[in-house]
Structure formats: C-alpha cells, structure tokens
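Input: a single structure, listed below in structure tokens.
The values are calculated or read from the model by the stated rules, or taken from the named source; none is laboratory data. Everything numeric in this text was worked out from a predicted model, so none of it was measured. Here the Cβ positions follow ideal geometry from the backbone for every residue, glycine too, while neighbour counts run over all protein chains shown.
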Amino acid sequence: MVAIRVEPTTLATRPLQTAGVGRDLPIRMFNGQMAMLDAQGASRPYLIEAIPQLNTDSWRLLPDGRMETTYKLRPNVLWQDGTPLASEDFVFGWRVYATPALGHSGLPPFNAMEEVVAPDSRTVLVRWKQAYPDVSFVASFAEFPPLPRHILSEAHRPEQLEAFTNHPYWNRDYVGLGPYRLSQWEPGAFVEGTAVDSHAWGRAKIDRVRLNFANDPNAVLARIIAGDIHLSDGSSLGLAQAAVLRKDWVASGSGNVLLQPSQWLAAHFQHRPELADPKVILNPTFRKALAHAVDKTGFNETLYDGMGIPTDSLVAPTSIWGLAADRGAAKYPFDLRRTDQLVQELGYRKGGDGVYASATDGRLTFEVKTHAGKDNEAEVAVVAGAWRQAGFDTQEFVLPATQGQDPEKRATFAGAYTNGQNCCESAIVGFTSSSIPTAETRWSGPNRTGWSNAQYDRLADVFSKTLDATERESQVTELVRLHTENIESVSLFIRPSAWVHASSLRGLVLAPPEGNMSWNLHEWTLQ
C-alpha cells in the first residue's frame, strides 16, 4: 500500500497536457524507458541493449555538425497487453511529440531531432539536426517514450488532435512497458498495478501495488504509524510529518525516512506584461527588493525543522552541476534595509500603516499564489507573511487540488507563485522562451512565468549542443548568472522529498537529485 498526494490525470511518461505533481512512482510503475539513472547517477540500458558510445557506429558525429545515434531494442519486450514492442513504436512516438500543436516539438529532445526511422523491427535510428549530449534520454525533461501504434495510430490525425489527447489510452485504458500493468483505477480512491512477466528487467518481486490518493499528510502519517501504509512516495507527506517520524518511529526500527533533495522551491514572478499586476513586478529592482526580504535561515527552521537546503539558484548543491551553479548565482542575503532602499528607488514610501505606496500607483498590493498541499500552503503563508512584514500588501491564494493540475491556471497568475519543481538541469533548460506555455501549445511547457531573455536562450541552445563536460559546466555557470541576476524568481530552498517506508519494505535507496527514487521498483520486496 502506497500513499500519493494527488490522483494522476495520466500515467504516461510524457503527457500531452501538464499532468500535475508527484508523478515519479506512477510513471515508474507503468512505463519503461530507453535507459534510466541508477542510485549512483549512471545510465542503465532499459528497453535497449546498450547506450550509444561516441565515435562508434552507434553514435556518429557528421561533418556538417549533425549526428546519428542507433539503438538496438532488447528482444522479447512486450507491451502490457501482450503486443511486442517494435522500433516503429518509437518512430510513431516521435511523430506524435513532433506535432507542433501538441506543444512538445519545441522542447528537448524533439527540438533537436531531424528524423527517427526503423531500419528493422528492433533497431531505432535517430538523425539529429545538431550535436546532442543526452543520447540515453535519462533526463526527466528530455524523455523519448515509445507509443503503442496498435492502440493510437488510427486516432492520431492532424484534424482531430482534441480527440487524440482525450483518447482513453492516456488514463483509464493505459498500456505501458513498466514492471506493472494497470489492473484497476478507482476514481478518487486508488490506482492498482499487477506485476507482468514481460518486464524488460524481469518480473517485479512484489505482485501487486496499490497507489492510494491521499492529500491529507496528517492522515497519511497516522496510517503509516498504524502500519496501514507501507510507503509514502515523496509527495503525500510533508517535511513536518517526516520530522515526527524521524524522532520515534525510525528510532524504534519501524521504518526509515529518505530525503531526496530534488525539488527547487522558489517564489516565481509573472513576466507577461499583459498579466502582471501590479506592473512594478516587471521591474527587476522590485524583484530584488523582495529577494532581500526573505530570511531563508529562519524559514528553514520554521518550515522544515532544518531539513531544507537554502539555495541561491535552481540547482541543488548535490547535483552534478552544483558547484558550477554556485559560481554563477547572484546572492540576495536577508537585508530589510536593502529592501527599503531598492523600493524607495522606485518611488514608493511607507505610509502610516507601514505599507509601501506611491502617489501614482497607490498601495503596493499583489497576490501570492500556490496550489493545494500542506507544504505548499505553509510555504506561501511564510513567504507572503515575510513580505507583509517588510511593508508589502500581499494576499495569499491557494488553488484547489483540481485547479492545481490545470496548466492554464498555473501559468496565468498575476503576481507571484510559490511552488516546488524539479531542480537542476531540468529547471535550467525549462526557462527558454520556447518553453513558455501558451494557448496555442495547450499551455504545455515548463516556463510558466513567461520569463524571456535572448542571451539566456542563445546560451541554452549552445548548452544543449555541447558534448564536452567541462564546457557545459562553464555554460551552467553563465546560465545561472543570467537567471539569478535577472531574477526570474526568488530561489528559496532545495526542498527534500520525504520517501517514508516501513521496515518490511526493502530495496529503496537514495537517488541523486536528477533521478527517480523508484528506479529499482522491480527489486523491492515486502516481508
């Protein structure tokens, strides 16, 4: 029995529409990938026999700057309905995700792909427009999943994309390549998976896994202590509950708490002029003033019992890019005098009520949003409260759980939005202009704030084509400098995800920030 915070809208690895939060375990249960990161951060072949190696027949750089990579599929891999996986399923997946109207064609890896072909039923050949470093597709933001032609090919028609995105395959009739097949989906209650014999890495040792939808972390805490829940997946328990369990429950040998530093928590600002309210939010001086009004050290004790990792950038210190990012990050230490100085430079003064106002714009009022979730709600309250105490008239607003999974609602806020999202390289490449969600892309895209910087776009493009690791480190340093000096957001913490498991559940190990804690799910045992 597992507790996850929200009911997923889809089980797909790469959904056609934004699919909400806390999806690592559902994705891992029902899907297979070309390769996967293990607990040491190394790429392991999954659906393929081997990962392409540079300067071999499997990974060829061409004289004109393009390249080709070749993948051999493992034999006898089956979709969970018994249909053999074939290279044509990857070709079909590329055609779907390269459809501009579905919102993925401008995102990695599809923006770098020229063509995907199937020389035979077990060989996938990718022709690239450019050099591209992550040829194993292990980055969460650059996955290249196959799609079952035998289920979806007839539905994929350019003139009927709405019907295609609403096809029952994407949720209740899902068929994947992971260790478990979907056996039952009870709306509002749970999703259940049953182990399959055809899994590429072998049959899972636990026959059945049920994911219970549980958005009350205190209720989850009580069920874990009572022994009704074997695992919390990193989304259903907050750090406050994890702190409770670490004191007595872990000490008694009842279970363990693994803290994966994977979530970058920030207060993001609206950068679209037509949406930003008040307009002063568009001024980086104002955003820097707000950054100096945040006491991260105090917040860490208040919010996380000291378990958070204060950060100046969107990259975790434990990431492979951690040192490079720190070299580039602009720092905004807690300093209310500096806040006051910057705000006064913009023409605002504190009135008798202690709130900043100007003769032309009146009171400095703005909304701070987040989406439902105990950690989210505690965080927005603390951040908005700190800004109020500094002299800003802030109002908090929490989107209900259903609206929190609506990509348009998440992107069209007016003032600031606090939330956690994947950190590190995923976050870095997610802030290009091409990643801004719009109505035309069905609000798909990670750059929900609408932040746009031409210099950042150019460097991110170079970064995506660079193969040398040392050069990429220098590029990360400069990308982080641009992001933090232009202050797209106020970086707050790398918020660990609490994976809590009973002592009877064996096999979980701590994964790196870029990885999936359930990568070895098929090896877990329940005693």
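Details
- Looking at Lys374, Lys409, just one residue is among the basic types (Lys, Arg), under 28 Å from Thr438 (Cβ atoms) and surrounded by fewer than 22 Cβ atoms within 10 Å (Cβ to Cβ), and that residue is Lys409.
- Failed condition for Ala427, given (1) within 30 Å of Leu54 (Cβ to Cβ); (2) crowded, with 18+ Cβ neighbours inside 10 Å; (3) touching a helix residue (DSSP H, G or I) at 6+ places or on another chain (Cβ under 6 Å): (3)
- Filtered residues of region 471-489 (kept if more than 18 Å from the chain's Cα centre (by Cα) and not in a helix (DSSP H, G or I)): Asn486, Ile487
- Test result for Val117, outside any loop (DSSP other than H, G, I, E, B) and within 27 Å of the chain's Cα centre (by Cα): no
- Considering Leu314, Leu275, Leu239, the condition of being assigned by TED's automatic domain parsing to the domain that holds Trp387, among the aliphatic types (A, V, I, L, M) and either at positive phi or surrounded by 20 or more Cβ atoms within 10 Å (Cβ to Cβ) (or both) is satisfied by Leu314 alone.
- Top-ranked residue in region 169-195 [being in a strand (DSSP E or B) and hydrophobic (A, V, I, L, M, F, W, C); ranked as farthest from Pro148 (Cα to Cα)]: Phe190
- Screening the candidates Pro446, Pro437, Pro496 for the property of being crowded, with 16+ Cβ neighbours inside 10 Å and closer than 30 Å to Met1 by Cβ yields one hit, Pro496.
- Boolean, Ala222 is at pLDDT 95 or above, part of a loop (DSSP other than H, G, I, E, B) and out of contact with any His (no Cβ under 6 Å at 6 or more places or on another chain): no
- One residue stands out among those in region 490-527 that are among the β-branched types (Val, Ile, Thr) and closer than 30 Å to Val382 by Cβ: the one that is nearest to the chain's Cα centre (by Cα), which is Ile494.
- Test: residue in region 67-77 that is assigned by TED's automatic domain parsing to the domain that holds Leu147 and in contact with a helix residue (DSSP H, G or I) (Cβ under 7 Å, 6 or more places away or on another chain): yes
- One residue alone among Arg28, Arg60, Arg44, Arg14 is basic (Lys, Arg) and assigned to a helix (DSSP H, G or I), and that residue is Arg28.
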